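Here is the structure we will look at.
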Amino acid sequence: MICKPVNAVRISATLLGVFLLLHASRVGAADTFSSGKTAYDQNNFPLAAQLFKESVTTTPAAGTFQNLGNAEWQNGRTAAAVIAWERALCLAPFDQNTQNNLKFLREQAQLEAPELAWYEIASTWLPAHYWAWFAFGSLWFAVGMLLLPGVFRWQKSALQQALVALGMGIFLLSLPANYGVITRGHIGFVLAGQTPLCLTPTASAEPVTTLSAGEPGKAVKATGKYLFIHTRRASGWIERAQFELICP
C-alpha cells in the first residue's frame, strides 16, 4: 500500500529534475550567446564563433546561426559562414539580413547557391519544421471530421464533408514540401578550397575537378569515409571530413 505514494514522489522528483535541467540549459545557452555577442563587439571573432557554436548546440536558433555566420565570415572561414547562414534560413527562411549576407558572400567568393528541385524550393516557403506540423495536423483534422459524426451519432452534412476534403487537401499539398525538407538535408558544402572531387572512393583516385570552399553539393551515397556527391560542375567522390551537410 505504501509503494504508490513513493512511486508518485519519485516520478514528481524526476519530472522536476528534468524541468530544472532544461531550464538550466536554456539559461546557460542565453549566457553563452550574450558572451558571444560581447566577444563579437570586441572584435574577438574566434572566441565569438566558439561561443555561438556552443549556444546553437544547446539551443538551435536562427539568430544564433546568423551571428555564428557573421563571426565565421570575419574569421575568413567562407564555408563555415555559408553553412551557418544556410542553417539560419532553414529556421527563418524570410530573414532578409541572412539572405543578403549569403548573396554578398557568394558574389565575393564567386560561389553558386545550391541547385534545388521544385519541391525543395516549395519547402523553403516556411520554416522546415512547420511542414511536418501542417501534415500531421491536417491529416488528424480530416480523420477527426470523418470519424466524429459516427462516434457522436451526428448527422452527416455537406460542411463535414467539406472539412474532411479541406484537411486531406492540405495534407496532400504538404507532402511534396515535406519531401523537399528531407532531400534538402542531403545538401552540404565543401569545407576547404582546392578540394579534389575524385572518380573513385580511394586515396589514389584520379580527380575529376577541384572544388572551392563553400561550394554546394548533394550527397547521394556513402562508402566508408567517402561520399558521392553531385555539384553543378561535376559528380564524384569526396572525403566525409571535407564536406558538411546542412543537417549533420
- Item | Any chance T59 is out of contact with any strand residue (DSSP E or B) (no Cβ under 9 Å at 6 or more places or on another chain), farther than 28 Å from S212 by Cβ, surrounded by fewer than 17 Cβ atoms within 10 Å (Cβ to Cβ) and touching a residue at least 24 places away in the same chain (Cβ under 8 Å) | yes
- Message: Looking at the range 183-198 only, could you name the residues that are part of a loop (DSSP other than H, G, I, E, B) and surrounded by 14 or more Cβ atoms within 10 Å (Cβ to Cβ)?
- Response: G185, H186, L191, A192, G193
- Query: Is it the case that the range 92-111 has a residue that's buried (at least 17 other Cβ atoms within 10 Å of the Cβ), in contact with a Lys or Arg (Cβ under 9 Å, 6 or more places away or on another chain) and not basic (K, R)?
  - Reply: no
- When M1 is run through (1) farther than 27 Å from E112 by Cα; (2) modelled with pLDDT under 95; (3) in a helix (DSSP H, G or I), the failure sits at (3)
- Single residue of the range 130-168 satisfying the filter (without any contact (Cβ under 8 Å) to a residue 24 or more places away in the chain, out of contact with any Gly (no Cβ under 9 Å at 6 or more places or on another chain) and within 30 Å of A61 (Cα to Cα)) that is surrounded by the most Cβ atoms within 10 Å (Cβ to Cβ): Y130
- Item | Those residues of the range 83-94 which are more than 13 Å from the chain's Cα centre (by Cα) and closer than 22 Å to Q194 by Cα, in sequence order | none
- Residues (small (G, A, S) and either out of contact with any Leu (no Cβ under 6 Å at 6 or more places or on another chain) or in the same structural domain as H129 (by TED's automatic domain parsing) (or both)) located in the range 189-222: A192, G193, A203, S204, S212, A213, G217, A222
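Results for (1) in contact with a Leu (Cβ under 8 Å, 6 or more places away or on another chain); (2) in a helix (DSSP H, G or I); (3) within 23 Å of K218 (Cβ to Cβ), shown as yes or no for each residue.
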| residue | (1), (2), (3) |
| --- | --- |
| A132 | no, yes, yes |
| L146 | no, yes, no |
| K156 | no, no, no |
| V164 | yes, yes, no |
| G167 | yes, yes, no |
| I170 | no, yes, no |
| N178 | no, yes, yes |
| V181 | no, yes, yes |
- Note on the structure: Scanning the range 64-91 residue by residue, the ones that are surrounded by 16 or more Cβ atoms within 10 Å (Cβ to Cβ) and either outside any helix (DSSP H, G or I) or not assigned by TED's automatic domain parsing to the domain that holds F52 (or both) total 1
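The values are calculated or read from the model by the stated rules, or taken from the named source; none is laboratory data. Only a predicted model underlies this, so the values are computations on that prediction, with no experimental measurement involved. Cβ sites come from the backbone with ideal geometry, for glycine too, and all protein chains shown count toward neighbours.
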